[in-house]
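First the structure, in the form of C-alpha cells, and then the observations on it.
All of the numbers you see were taken from the coordinates with simple rules; none came from a lab. Bear in mind that the values here come from a model prediction, so they are computed numbers and not experimental data. We place every Cβ from the backbone using ideal geometry, glycine too, and count neighbours over all the protein chains shown.
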Amino acid sequence: MRRLLPLALALTLATSAWAQEPAPAPDRPLPDAAQEARAKALFAEVRCVVCQHEAIADSPAAVAADLRQLVRDEIAEGRTDAEIRADLVRRYGDFVLFKPPVREGTWLLWFGPGLLAVAALILLLLFSRRRRPETAALSAAEETELNNILAAGRNRRDPDANASDD
C-alpha cells in the first residue's frame, strides 16, 4: 500500500497538468490595415466573457482569442460594426459590451447609480435639517446643587484616569 501512494500522487499531479486549457492560437491580423484598425477598435468595446473585467483585446483567454477571430472574420465578410455588435449581443447578451445600449432592460444599469446618489443626498439633507432637541436649562436649585458639588470636590474622577490626566 505504501508503494502505491507515490504512484497515485504522481498520477494526480500529471492529470491536473493535462487538464489545463491549451494556449490560444496566435492572432492572425487582417491584411487590410483599415479593417484591422476597425477590428482593434471593436476589441476594446467587447468584454471577455471569461475574464469579465477585460476587453478581448487584452484578455489571454482562449474564448477571447476566438471572439477576436470571429470579429475579424465578420469584418472580412463586409459586416458593419453595428451588425457585429448586434451579433455578439445576440450570442452573449448585453453584458458582452462595455457600453450596453440604453433600453428598458438596462435602465437600472445606466441610471441606478445616479438614482442611488440622489437618494443618498436627499436623505443626508433630511437628516441634517432635523432639529435636535434642546436641553432644558437647569433650575435654580439644580444650579446651586451643581455649584456645591463642584466647590466641595465631591465629583467622582474617572476610575481609569491617571493623575497626569487631570
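Highest-first packing order for the peptide set 58-71, 86-99 is 58-71, 86-99, based on the mean count of other beta carbon atoms within 10 Å. Here the Karplus relation 6.51 cos²θ - 1.76 cosθ + 1.60, evaluated at θ = phi - 60°, turns the backbone of the stretch 78-86 into coupling constants of x, 6, 7, 4, 5, 5, 5, 4, 4 Hz, with x for every Gly and Pro.
Each Lys and Arg adds +1 at its Cβ and each Asp and Glu adds -1 at its Cβ; summed about the Cα centre, the stretch 85-158 shows a dipole of about 460 debye. Taking 37 °C and 0.692 mPa s as conditions, the stretch 21-96 diffuses translationally at an estimated 265 µm²/s according to Stokes-Einstein applied to its Kirkwood radius (Cα pairs).
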